[in-house]
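Take a look at the structure set out below.
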Amino acid sequence: MKDLNSPGLWWIPPNEQRVGGTLKFSNQEGIRLSLLGSFKEMTDLGGLRNYPVIVGLTSDGNLVTLYDCVQAGFRQTSSGFRSEEYLANVAYIGAHFTDAGQARFDTAHVRYSYLSEWIGISGFKWKNLPDDEEGSSLHGITYSRPKEIEATIGNEKVAIRFSSHFGSDWLSRVTFGQSAWFTVDASEDLSLEDWNRRFIFPLQNLLTLATDSPNAIAELFVFSKQKTFTLTDGELARRPIQVICRTFYQNRQPDEAVLSPHMLFTFEDVANDFGTIIDRWLKVASELDSVCNLFFTVQYTPSMYLEHQFLSVVQAVESYHRRRNRKGIFPEEEHRTLVKTILTHTAKEHRNWLDNKLRYSNEPTLRDRLKELVELTHDVSLPLNSAATPSRKAFIQTVVDTRNFLTHYDSSLKNKAADGFELYRLTQVLSFLLQGCFLLELGLPSERCAELIRRTPRWQRTTDEAMWLPKQRKV
């Protein structure tokens with residue numbers, strides 16, 4: 001989201017006493033309101049105050065609502081002049097809400113970093129014009145807005161729409177651009193928290209998976225039936241309300257494009273199944289929320305220590321298997337009988353302790369989970385594993401030893417655990433494994449999943465680099 005610096009007048013509803021101040025936002029600092037004055041009376045010398053809502057009117061005419069406002073400090077000079085600062089969690093630009101319950105919306109438009117590149121559809125066309133009288137070659141550009149791409153999911157609609165923008169200094173430069181947006185029409189009014197959970201974050205993760213690059217939320221607008229304005233023809237239209245808030249990932253190089261050959265899959269790859277892909281992914285985001293949180297946190301945090309990346313991805317692998325495979329080592333009734341038999345033959349004073357230890361004894365081990373998932377995605381994982389290790393068994397053993405060493409710090413595993421480049425490579429392989437699982441969740445055939453992953457430069461680079469690993473293990 002873009003930085004903000006807006007002077008204006010601010011007040012606490014229903015109090016109409018207005019105080020001048022400046023609203024600033026950056027993803028690093030968050031939302032900060034600096035007042036040239038105070039909401040308090042001069043005789044009020046109490047401590048810091050928090051307000052659920054602060055509303056304002058900026059100098060360029062925008063209505064603003066700040067939510068969850070915490071006073072960060074205040075000053076009072078000897079002459080009696082006060083100034084205050086507040087931090088807010090969310091800013092709505094374009095409307096006033098007097099309490100948190102009013103901020104509910106049934107439509108959202110969101111633009112992500114690489115949505116346009118992923119779609120790969122342009123309304124621009126280059127046109128050669130006849131030469132002028134002096135023989136100079138002329139060129140023209142025409143633009144026709146591409147058609148909306150829709151997907152109906154139950155009573156809700158997810159679409160990709162396009163907007164255009166024009167700029168010029170009327171002397172030496174003219175700019176004309178196109179942006180792609182995800183637009184969602186929900187079946188009910190939702191809070192911003194629900195919007196994030198159900199649509200905004202899942203679609204961000206889907207694009208991050210598809211482009212194989214972390215996507216940021218570039219812009220977000222929401223719409224409410226209660227916030228409208230009148231058009232020149234007398235028709236009522238809903239007012240766009242811009243949402244400003246800190247996001248867990250912000251583009252570090254926002255002008256750098258991602259080329260389609262570097263993506264896991266493009267819109268063109270799934271265009272015929274767009275509605276199915278969106279429907280399936282939103283279900284994945286709900287059913288596998290812990291898996292997505294672990295996996296995509298690594299994608300959005302490139303500065304994370306390599307050991308933490310590895311542990312997060314391994315935990316995501318474990319969580320995925322647990323959520324999708326509920327089977328235990330033994331049938332449930334058989335395991336229950338086995339535990340009961342063991343406890344019956346245990347001294348009374350030890351039964352509670354042993355019962356707690358045996359509670360999860362029917363869970364498959366990490367080794368068992370890896371075996372099944374490697375088999376499920378063998379078209380992706382097997383050629384990569386065998387490039388640097390003697391067997392699939394050796395790869396799994398190295399992952400297990402490394403996880404156990406980093407988690408439990410068993411000194412006997414130190415020489416068996418991966419480190420340095422080998423640890424990086426293991427993390428990459430596990431990442432490919434999860435990507436394969438996600439693609440299978442979207443309904444793609446196993447062979448197609450392998451084809452998509454193996455054509456990416458990251459997969460090819462990792463397989464090439466694996467040949468230079470210094471360490472070969474025997475199992």
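The values are calculated or read from the model by the stated rules, or taken from the named source; none is laboratory data. No experiment lies behind these values; they were computed from the predicted model shown. Cβ coordinates were reconstructed from backbone atoms using ideal geometry, including for glycine residues, and neighbour counts include every protein chain displayed. Ligands, DNA and RNA are stripped out before the accessible areas are found, and what is left, the full protein with its side chains, is counted by its heavy atoms. Shrake-Rupley method; radii C 1.70, N 1.55, O 1.52, S 1.80 Å.
Some notes on this structure:
- Within the stretch 205-221, the set of residues being among the aliphatic types (A, V, I, L, M) and either over 21 Å from Leu288 (Cβ atoms) or not in a helix (DSSP H, G or I) (or both) comprises Ala216, Ile217, Ala218, Leu220.
- Residue list for the stretch 186-204, restricted to those being open to solvent by 40 Å² or more (accessible area, probe 1.4 Å), closer than 11 Å to Glu156 by Cβ and not in a helix (DSSP H, G or I): Ser187, Glu188
- Unmet criterion (only one of (1) surrounded by fewer than 18 Cβ atoms within 10 Å (Cβ to Cβ); (2) touching a residue at least 24 places away in the same chain (Cβ under 8 Å)) for Leu115: (1)
- Tabulated pairs, the stretch 381-401, first of a type in the set (S, T, N, Q), second open to solvent by 10 Å² or more (accessible area, probe 1.4 Å) and at pLDDT below 70, C-beta under 8 angstrom, 6+ apart or interchain: Thr389/Gln472; Thr389/Arg473; Ser391/Val475; Gln397/Arg473; Gln397/Val475; Thr398/Thr389; Thr398/Arg473
- When Ala237 is tested against (1) farther than 28 Å from Val298 by Cα; (2) in contact with a helix residue (DSSP H, G or I) (Cβ under 7 Å, 6 or more places away or on another chain); (3) not β-branched (Val, Ile, Thr), only condition (2) is not met.
- Taking the listed residues Arg75, Arg32, the one that is in a strand (DSSP E or B), open to solvent by 50 Å² or more (accessible area, probe 1.4 Å), within 27 Å of Asn215 (Cβ to Cβ) and not hydrophobic (A, V, I, L, M, F, W, C) is Arg32, with no other qualifying.
- Within the stretch 222-249, the set of residues being open to solvent by less than 90 Å² (accessible area, probe 1.4 Å), touching a Ser or Thr at 6+ places or on another chain (Cβ under 9 Å) and either outside any strand (DSSP E or B) or touching a residue at least 24 places away in the same chain (Cβ under 8 Å) (or both) comprises Val222, Phe223, Ser224, Arg238, Arg239, Ile241, Tyr249.
- For the stretch 280-298, the set of residues classified as open to solvent by less than 50 Å² (accessible area, probe 1.4 Å), out of contact with any Leu (no Cβ under 7 Å at 6 or more places or on another chain), assigned to a helix (DSSP H, G or I) and not β-branched (Val, Ile, Thr) consists of Leu282, Ala285, Ser290, Cys292, Leu294, Phe296, listed by residue number.
- Subset of the stretch 259-306 [within 15 Å of the chain's Cα centre (by Cα), of a type in the set (Phe, Trp, Tyr) and under 19 Å from Ala159 (Cβ atoms)]: Trp281
- The stretch 163-181, residues that are open to solvent by less than 80 Å² (accessible area, probe 1.4 Å) and touching a residue at least 24 places away in the same chain (Cβ under 8 Å): Ser164, Gln178, Ser179, Ala180, Trp181
- Screening the stretch 144-162 for residues that are in contact with a Gly (Cβ under 9 Å, 6 or more places away or on another chain) and closer than 12 Å to Ser122 by Cα and picking the one that is most open to solvent (accessible area, probe 1.4 Å) gives Arg145.
- When the helices (runs of 4 or more DSSP H) confined to the stretch 360-426 are screened for residues that are modelled with pLDDT of 85 or more, those reaching at least 2 such residues are found at 366-376, 392-408.
- Qualifying positions in the stretch 182-203 - out of contact with any Ser or Thr (no Cβ under 9 Å at 6 or more places or on another chain) and in contact (Cβ under 8 Å) with a residue 24 or more places away in the chain: Phe182, Ser187, Glu188, Leu190, Ser191, Leu192, Trp195, Phe199, Ile200, Phe201, Leu203
- Any chance Ser83 is open to solvent by less than 60 Å² (accessible area, probe 1.4 Å), of a type in the set (S, T, N, Q) and under 30 Å from Gln204 (Cα atoms): no
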